[in-house]
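The values are calculated or read from the model by the stated rules, or taken from the named source; none is laboratory data. For clarity, every value in this text was computed on a predicted model and none was experimentally measured. Don't worry about glycine lacking a Cβ; one is built from the backbone with ideal geometry, like all the others, and counts go over all protein chains shown.
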Amino acid sequence: MRIRVIGAHLPRLDQEGIRRFIAEDVAAFGRTIRELRERGITDLTDEEIEERALELPGELNADLQTCALFELEVTGNEMEFDPSAFENPETGYCGWEPAFLTMDGRAVLFEGYRAPPDVRDFRVAFYVHEWQGPSRLFGVAGELELPPFTAVPQRLWKLAPYACVD
């Protein structure tokens with residue numbers, strides 16, 4: 001298996017991108033919870049939904065100001081691929097909220113927390129919390145070479161959205 005880091009991104013480099021993402025995420029939260037209530041899956045009141053919607057922006061912003069988003073290209077995979085096996089040894093934080101993408105990085109390949117062994121070639125994007133200063137990323141085969149950090153590309157805001165740790 002070959003693993004190559006093709007993107008290292010710091011959301012905090014794009015404050016407008018963070019603002020847009022949070023606004024869209026909070027709106028989607030409200031719609032989703034109301035749909036679940038209509039289907040009888042939750043019984044949250046409008047007041048409870050609005051209360052949570054007021055808390056979300058602060059939580060999302062705090063996390064997005066301190067995390068990093070990595071995009072890896074994986075080729076020749078023959079095992080269950082677990083993004084939580086990638087970690088920053090300085091903090092112990094590991095891959096969070098993976099998005100498995102097509103090889104061109106333009107679409108979600110499948111949803112899940114691990115890639116099965118029969119998915120041989122793909123991209124995966126995941127977040128690592130509390131990424132500060134010159135940190136390192138270690139994976140299944142040791143330390144990965146990181147490219148210079150950039151702002152999050154617009155496609156990854158959509159394809160690999162951040163979710164708070166609850």
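For this structure, a couple of remarks:
- Test: GLU73 is at pLDDT below 95 and surrounded by fewer than 19 Cβ atoms within 10 Å (Cβ to Cβ): no
- Among the residues listed as VAL152, VAL165, VAL119, the single one being within 26 Å of GLU55 (Cα to Cα) and either assigned by TED's automatic domain parsing to the domain that holds ILE22 or surrounded by 14 or more Cβ atoms within 10 Å (Cβ to Cβ) (or both): VAL152
- Selection within the stretch 122-137 - loosely packed, with under 15 Cβ neighbours inside 10 Å and in contact (Cβ under 8 Å) with a residue 40 or more places away in the chain: GLU130, GLN132, ARG136
- Any hit, the stretch 105-112, residues being closer than 21 Å to THR150 by Cβ, touching a Lys or Arg at 6+ places or on another chain (Cβ under 7 Å) and either at pLDDT 95 or above or of a type in the set (D, E, K, R) (or both): yes
- Some residue of the stretch 159-166 being of a type in the set (Phe, Trp, Tyr) and under 18 Å from ARG4 (Cα atoms): no
- Among residues of the stretch 148-159 that are charged (D, E, K, R), those with a Cβ under 8 angstrom from a residue that is part of a loop (DSSP other than H, G, I, E, B), sequence gap 6+ or separate chain, pair up as ARG155/GLY105; ARG155/ARG106.
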